[in-house]
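Visitor: Can you keep this structure in mind? I'll have questions shortly.
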Amino acid sequence: MAKVCELCGRGPQFGNRISHAHNVTKRRWNVNLQNVRAVVNGASKKLRVCTNCIKSGRVQKAA
């Protein structure tokens with residue numbers, strides 16, 4: 001399963017891990033995804049949503 005937000009499409013970002021000796025290896029920053037029951041078109045549905053979408057109110061949680 002991809003680490004991508006189902007609302008905004010945000011995915012992992014890539015960069016380098018740099019040691020004290022300046023050895024460079026690849027690394028990635030994953031998105032903080034949460035499983036949420038949300039209201040979509042009047043019905044509740046499970047979504048994998050990033051915490052930015054939850055905080056900004058783009059997700060209407062199901063009761």
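Visitor: Could you tell me which residue of the stretch 29-47 is modelled with the lowest pLDDT, considering only residues that are of a type in the set (A, V, I, L, M, F, W, C) and in contact with a Leu (Cβ under 9 Å, 6 or more places away or on another chain)? Step through it out loud before you land on a result.
Guide: Taking the stretch 29-47 first, the residues of a type in the set (A, V, I, L, M, F, W, C) are 29, 31, 33, 36, 38-40, 43, 47.
After this cut, where a residue has to be in contact with a Leu (Cβ under 9 Å, 6 or more places away or on another chain) as well, the list is 36, 38, 40, 47.
Numbers: Val36: 96, Ala38: 95, Val40: 92, Leu47: 96.
Of everything passing the filter in the stretch 29-47, Val40 is modelled with the lowest pLDDT.
Visitor: Another question, if that's okay. Considering only residues that are over 27 Å from Gln13 (Cβ atoms) and not in a strand (DSSP E or B), which ones fall in the stretch 38-62?
Guide: Within the stretch 38-62, Asn41, Gly42, Gln60, Ala62 qualify.
Visitor: Here's something else I'd like to know. Does the stretch 23-63 hold any residues that are over 17 Å from Val4 (Cα atoms) and among the aliphatic types (A, V, I, L, M), and which are they?
Guide: Val24, Val39, Val40, Ala43, Ala62, Ala63, listed by residue number.
Visitor: Could you grab me the full set of residues in the stretch 7-21 that are out of contact with any helix residue (DSSP H, G or I) (no Cβ under 9 Å at 6 or more places or on another chain) and assigned to a loop (DSSP other than H, G, I, E, B)?
Guide: So the first thing to find is which residues in the stretch 7-21 are out of contact with any helix residue (DSSP H, G or I) (no Cβ under 9 Å at 6 or more places or on another chain), and the list is 9, 11-21.
Of everything in the stretch 7-21, those that are out of contact with any helix residue (DSSP H, G or I) (no Cβ under 9 Å at 6 or more places or on another chain) and assigned to a loop (DSSP other than H, G, I, E, B) turn out to be Gly9, Gly11, Pro12, Ser19, His20, Ala21.
Visitor: Taking Asn16 and the conditions (1) under 20 Å from Lys3 (Cα atoms); (2) surrounded by 13 or more Cβ atoms within 10 Å (Cβ to Cβ), which numbered condition does it fall short on, given that it satisfies the others?
Guide: Status for Asn16: all satisfied but (2).
Visitor: Moving to a separate point now. Kindly provide the set of residues from the stretch 5-46 that are free of Cβ contacts under 8 Å to residues at least 24 places away in the same chain and among the aliphatic types (A, V, I, L, M), ordered by number. It would help to see each step written out before you state the result.
Guide: In the first step, residues of the stretch 5-46 are kept if they are free of Cβ contacts under 8 Å to residues at least 24 places away in the same chain; the result is 9, 11-29, 32, 34-35, 39-46.
Of everything in the stretch 5-46, those that are free of Cβ contacts under 8 Å to residues at least 24 places away in the same chain and among the aliphatic types (A, V, I, L, M) turn out to be Ile18, Ala21, Val24, Val39, Val40, Ala43.
Visitor: Filter the stretch 30-46 for residues that are surrounded by 17 or more Cβ atoms within 10 Å (Cβ to Cβ) and farther than 9 Å from Ala62 by Cβ and give the result. Full working, then the answer.
Guide: The initial filter retains those residues of the stretch 30-46 that are surrounded by 17 or more Cβ atoms within 10 Å (Cβ to Cβ), namely 31, 33, 36, 38.
Those that are surrounded by 17 or more Cβ atoms within 10 Å (Cβ to Cβ) and farther than 9 Å from Ala62 by Cβ: Val31, Leu33.
The values are calculated or read from the model by the stated rules, or taken from the named source; none is laboratory data. Not measured: the values here are computed from a predicted model. Methodologically, a virtual Cβ is constructed for each residue, glycine included, from the backbone with ideal geometry; neighbour enumeration extends over all protein chains shown.
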